[in-house]
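Remarks on the structure that follows.
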Amino acid sequence: MTDLPILQIAGLRKEYGSFVALKDIDLKVREGEFLTIVGPSGSGKTTLIKLLVGMEEQTEGSIWLRNIRLDRVPANQRPTCMVFQSLALFPHRSVGQNVEFPLKIKGVPAAKRKARALELLAMFRLPESYFDKRIGQCSGGERQRIALARALAFDPEILFFDEPLSALDYRLRKTLEKELKALHLRTGKTFIYITHSLEEAMVMSDRIAILRAGRFEQIGTAEAIYNHPKSCFVAGFMGDVNLFDIGRDADSGSLTVPHFSISASAAKALVLPPDKKNTLMVRPEAVRLLAGDETADFVTRGEVTGHYLLGSRTQLEITQPDGKLIVVETANHGQDGHVGAAVRLGFDGAMAHLISEAIR
Ligand code: ATP
């Protein structure tokens, strides 16, 4: 992977009539990177991909492929390729004809086409006998692999994926996520992937860009976004999370989190930016039940109101006196914390992340 951006987006904006679907979009994608764009429904993911592949025209801004102004290249001449959720395979043609199609339109001779198509099918663990099979006779997972083989036959500079796995069942999706990641490493191509599923993004991506209402809220590695989200929106998007209001008491100036006692050292270590909405984020795995006189930097009490086995872990829901729910996850198999139990619980300051946002 080099540092030269293969794709650069500057000041991109898209309006549909008076509705602004995308605004202030700036992004640099490195050669060979796997970048995932995640966002809730309506945040503008598909619009962004449509601008990149040339299915829509931007209102403002520019898109560059290295030093080529990509947004001025007609869609059918762009060295990019899109893999859709709907796959768009030719249903009445054979698997081989589907994979060969991009080579055929490029004028590659028949024997060479077939050899390359077989090579691509083998890459996706589809045996030679599939070459003459009809698309209609293939399973959903097989079709997915065929669509990917066909996309690679275009030999694009960048592959765009629009939720290609969302229609598949859980196990197949998990297998294909890993295959896609392996494929990305093998081909060295640049992948830009859009999804609703953060889990999918975390497994596969080098970086994740979180889109919210047409704007990038945060762009970073999965680790950075998971552990150091810039906003409560990002924190909440990345799985279960506990968010606590944190402030200073108007009279005493001491640090307050409703219903928590706070150790002097933790209070001293936390610097709250003034004129901001400050929130303390703690992941469920960082909160623990406290036994006897065991202590922690932040301590509260509550009642266990939910107890769930999550395979190798246990999740507890604990309700504080004001009705606020705290989610706790432990690796042990939950001897402690039966529903109805009154518990003390807490976490250490080092395990918490302070989110400071502009007051809207
Ligand atoms: P989903 O995950 O549901 O597919 P998305 O993040 O891909 O959502 P987009 O399809 O990009 O969202 O849509 C972003 C916003 O732009 C939505 O509010 C949508 O209604 C609006 N929009 C999209 N296409 C058009 C259009 N052709 N005309 C008007 N508004 C549109």
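The values are calculated or read from the model by the stated rules, or taken from the named source; none is laboratory data. Every value quoted in this text rests on a predicted model; they were computed, and no experiment measured them. Reconstructed Cβ throughout: ideal geometry from the backbone, glycine too, with neighbour counts over all protein chains shown. Heads up: the accessible areas ignore ligands, DNA and RNA and are worked out on the full protein's heavy atoms, side chains in. Shrake-Rupley method; radii C 1.70, N 1.55, O 1.52, S 1.80 Å.
Observations on the structure shown:
- Relative contact order of the chain, pairs being alpha-carbon contacts under 8 Å that are 6 or more residues apart, as %: 15
- Karplus-derived 3J(HN,Hα), 6.51/-1.76/1.60, for each residue of region 262-274, Hz, glycine and proline x: 10, 5, 4, 5, 5, 4, 5, 6, 8, 10, 9, x, x
- Förster-model FRET efficiency, 22 Å R0, GLU285 and PHE233, C-beta, rounded to 0.05: 0.55
- Calculated FRET efficiency, GLU128 to ASP26, Cβ-Cβ distance, R0 = 35 Å: about 0.15 to the nearest 0.05.
- Accessible area (Å², 1.4 Å probe, nearest 10) - THR187: 40
- Among LEU198, ALA296, GLN320 - extreme Cα towards positive end, dipole of the chain, charges at beta-carbon: LEU198
- Simple label model, 7 Å out from Cα along Cβ direction - SER312 to ARG72, nm: 5.3
- Between ALA269 and ASP322, residue separation times 0.36 nm minus the direct Cα-Cα distance comes to 16.4 nm.
- Rolled with a 1.4 Å probe across the full set of protein chains, the surface gives LYS45 an accessible area near 10 Å².
- Solvent-accessible heavy-atom area per residue, rounded to whole Å², over region 240-358 at 1.4 Å: 52
- FRET efficiency estimate (nearest 0.05) - Cβ-Cβ, GLU60 to ASP249, R0 35 angstrom: 0.15
- Around the amide H of GLU31, modelled in the peptide plane, lie the amide H atoms of THR2, LEU4, ILE6, all under 5 Å away and 5 or more residues distant in sequence or on another chain.
- Under the shape rule built on the C-alpha gyration tensor, where the axes satisfy a ≥ b ≥ c, region 136-211 is oblate, since a/c reaches at least 1.5 while a/b does not exceed b/c.
- Converting phi to 3J(HN,Hα) with the Karplus coefficients 6.51, -1.76 and 1.60 and the offset θ = phi - 60°, region 114-122 yields 5, 4, 5, 5, 5, 4, 5, 5, 4 Hz in sequence order, with x at every glycine or proline.
- Toward the positive end of the charge dipole of region 5-233, with +1 on the Cβ of Lys and Arg and -1 on the Cβ of Asp and Glu, the farthest Cα among ALA182, SER166, LEU103 is that of LEU103.
- Taking only protein heavy atoms and a 1.4 Å probe, the accessible area of region 240-358 is 54% carbon and sulfur.
- Working note: Cα gyration tensor of region 41-173, eigenvalues times five, square-rooted, sorted largest first, giving semi-axes of 28, 20, 11 Å.
- Solvent exposure, largest accessible area first (probe 1.4 Å, DNA, RNA and ligands not counted), of ASP348, ASP293, ASP162: ASP293, ASP348, ASP162
- Placed amide H near LEU272: partners under 5 Å, 5+ positions off or other chain: none
- For GLY39, residues with placed amide H under 5 Å, excluding near neighbours: THR195, LEU211
- The phi-based Karplus calculation (6.51 cos²θ - 1.76 cosθ + 1.60; θ = phi - 60°) puts the 3J(HN,Hα) values of region 66-74 at 6, 9, 9, 6, 4, 5, 9, 8, x Hz, whole numbers, x for Gly and Pro.
- Cα-based shape type of region 240-358, given that a ≥ b ≥ c are square roots of the gyration tensor eigenvalues and the cut on a/c is 1.5: prolate
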